[in-house]
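The values are calculated or read from the model by the stated rules, or taken from the named source; none is laboratory data. The structure displayed is predicted, hence computed values, not measured ones. Don't worry about glycine lacking a Cβ; one is built from the backbone with ideal geometry, like all the others, and counts go over all protein chains shown.
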Amino acid sequence: MSDKLLIFDTTLRDGEQSPGASMNTAEKLRIASQLEKLGVDVMEAGFPAASQGDFEAVSKIAEEIKDAEVAALARTSMADIDKAWQAISKAEKPRIHTFIATSDIHMKYKLNMSREQVIENAINGVKYAKSLTESVEFSAEDGSRSDPDFLCRIFEAAIASGATVVNLPDTVGYAIPDEFEKLVRHVIKNTSNIDKAVLSVHCHNDLGLATANTLAAINAGARQAEVTINGIGERAGNTSLEEVVMTLKTRPGCIPVSTDIETTLIHPTSRLVSMITGIMVQPNKAIVGANAFAHEAGIHQDGVLKNPMTYEIMQPETVGISSNKLVMGKHSGRHALRSRLKELGFNLSDDELQLVFTKFKELADKKKHVLDEDLEALATEGVLRTTDVFSLEYIHVSSGTSVKPIASVTIRINERPHEGSAFGNGPIDAAFNAIAKLTGTESELLRFSVSAISGGTDAQGEVTVRLREDGLLSLGRGTDADIITASARAYINGLNRLEFLKAHPYTASEAL
Ligand code: KIV
Ligand code: ZN
């Protein structure tokens with residue numbers, strides 16, 4: 001059995017199914033190119049039949065990505081598979097990933113099909129996909145709750161029809177490691193032609209067991225793991241790439257497989273995904289959380305100073321957390337900025353660099369030390385924005401203990417400046433009221449969160465808002481050394497994304 005574990009990243013597909021995480025094409029391309037550098041073997045770029053927006057994003061990714069396989073998801077219908085193939089046909093290494101549910105509960109209530117009908121659909125779907133391309137993956141949705149013998153039957157049929165990968169998902173995050181390991185062993189033992197395909201697993205994290213289940217499956221012989229960056233995904237998310245990869249690297253003797261992941265890019269990739277999707281990483285998240293390498297207790301700090309191995313099972317540098325965090329100041333030039341951004345994974349064109357450089361100089365005037373996190377935020381903001389309808393030109397807010405907060409704001413709407421002011425319960429409320437009045441929008445604010453990107457009172461504030469208007473959801477992010485300006489930027493970013501969604505009405509999750 002091979003000792004290489006294939007990493008199938010589905011951040012752009014299942015990850016995008018995280019509530020409110022929809023990304024535009026430029027953002028998806030940026031993540032795709034980072035995933036390629038990270039060394040994933042396969043990236044699932046989306047579900048082309050779900051919407052025109054998904055179709056376009058998958059097509060663009062397929063044209064750009066050269067090293068990794070680019071997979072497109074499809075149900076077993078010819079229409080879905082045609083759409084998937086149209087989107088990825090230009091890829092250097094295309095893969096069609098087709099799926100149908102195999103648990104009794106899904107077949108009865110969702111599909112209203114018998115087992116025989118499901119098998120027939122799977123065979124037809126795989127055969128059709130195979131007539132279009134060599135690399136075909138078949139997934140048995142809700143596999144962990146399916147009859148194990150039926151699972152073997154359908155995998156056998158899929159492999160006989162041309163599937164090169166068969167995937168066993170724990171779609172609802174119900175499995176527990178011991179049971180899942182036994183199921184994988186059962187499939188390997190009882191699927192007569194399993195040696196002709198790679199066995200894959202795809203776990204969800206509803207009980208917090210996605211990584212444990214994935215590792216148990218690898219132990220039993222699975223050789224592809226389906227994962228996402230930061231573990232984002234439908235509901236409680238998917239298995240996180242960084243947890244699987246770093247477990248295998250940190251405990252090499254326990255499960256003798258390895259991956260081609262460039263682990264020093266894990267942290268920059270995690271930051272990028274978090275900034276683009278607006279989904280914050282919980283501070284205590286393994287590997288990529290802000291506290292993952294922070295030692296608080298005196299006893300621990302003392303031990304780490306004497307020898308890091310006392311309390312550190314991995315070195316932060318291995319996952320790309322630089323111990324030399326102080327990188328740039330107001331005297332740093334364009335060349336230094338370009339090369340630091342390159343190290344952080346941003347290959348900018350001259351125009352993009354100029355944009356970021358201007359923002360960098362503004363920030364360096366306000367803030368003594370500009371850290372990697374600040375640069376990532378500037379680059380992500382400066383380069384990845386959608387073509388904005390609204391942009392913030394000016395904001396002034398008065399507030400205090402005995403003043404009714406009032407905000408005066410100038411916003412460019414399609415390049416024309418509009419001025420206005422509004423009162424509010426607090427300075428941010430006043431700013432948001434003025435912005436809503438000027439833009440004539442009526443979105444509902446569902447979430448508002450503020451965090452400091454780096455330490456210190458001069459840290460850039462990072463604000464995330466979640467908005468809803470006419471059933472459309474969007475996330476907005478904004479950063480600035482001034483928290484009120486950061487909030488206004490986040491709100492305006494969310495409004496721009498709503499405008500984008502109105503023009504491209506889709507979310508990938510609607511179709512699943
Ligand atoms: O969770 C799941 O079952 C899926 C399949 C489409 C692979 O995402
Ligand atoms: Zn899934």
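A few remarks follow.
- Test: residue in the range 50-69 that is within 16 Å of ligand 2 (Cβ to nearest atom), assigned by TED's automatic domain parsing to the domain that holds Ser139 and surrounded by 20 or more Cβ atoms within 10 Å (Cβ to Cβ): yes
- Cβ pairs under 7 Å, 6+ apart, first in the range 202-225 and free of Cβ contacts under 8 Å to residues at least 12 places away in the same chain, second among the β-branched types (Val, Ile, Thr) and within 12 Å of ligand 2 (Cβ to nearest atom): none
- When the range 87-119 is filtered for residues that are out of contact with any helix residue (DSSP H, G or I) (no Cβ under 9 Å at 6 or more places or on another chain) and part of a helix (DSSP H, G or I), the ones remaining, listed by number, are Lys108, Tyr109, Lys110, Glu116.
- Test: residue in the range 232-249 that is more than 15 Å from ligand 2 (Cβ to nearest atom), small (Gly, Ala, Ser), surrounded by fewer than 24 Cβ atoms within 10 Å (Cβ to Cβ) and more than 21 Å from Ala68 (Cα to Cα): no
- Among all positions in the range 261-274, there is at least one residue which is of a type in the set (A, V, I, L, M, F, W, C), farther than 23 Å from Asp3 by Cα and at pLDDT below 95.
- Checked across the range 302-319, the condition of being surrounded by 14 or more Cβ atoms within 10 Å (Cβ to Cβ), under 22 Å from Glu462 (Cα atoms) and not assigned by TED's automatic domain parsing to the domain that holds Asp9 holds for no residue.
- Residue in the range 248-263 that is touching a strand residue (DSSP E or B) at 6+ places or on another chain (Cβ under 8 Å), within 16 Å of ligand 1 (Cβ to nearest atom), assigned by TED's automatic domain parsing to the domain that holds Met43 and free of Cβ contacts under 8 Å to residues at least 40 places away in the same chain present: no
- Elements of type strands (runs of 3 or more DSSP E) in the range 156-257, at least 2 residues being touching an Asp or Glu at 6+ places or on another chain (Cβ under 7 Å): 165-170, 198-203
- In the range 52-69, residue farthest from Glu137 (Cα to Cα) [restricted to those that are in contact with a helix residue (DSSP H, G or I) (Cβ under 9 Å, 6 or more places away or on another chain) and within 16 Å of ligand 1 (Cβ to nearest atom)]: Asp54
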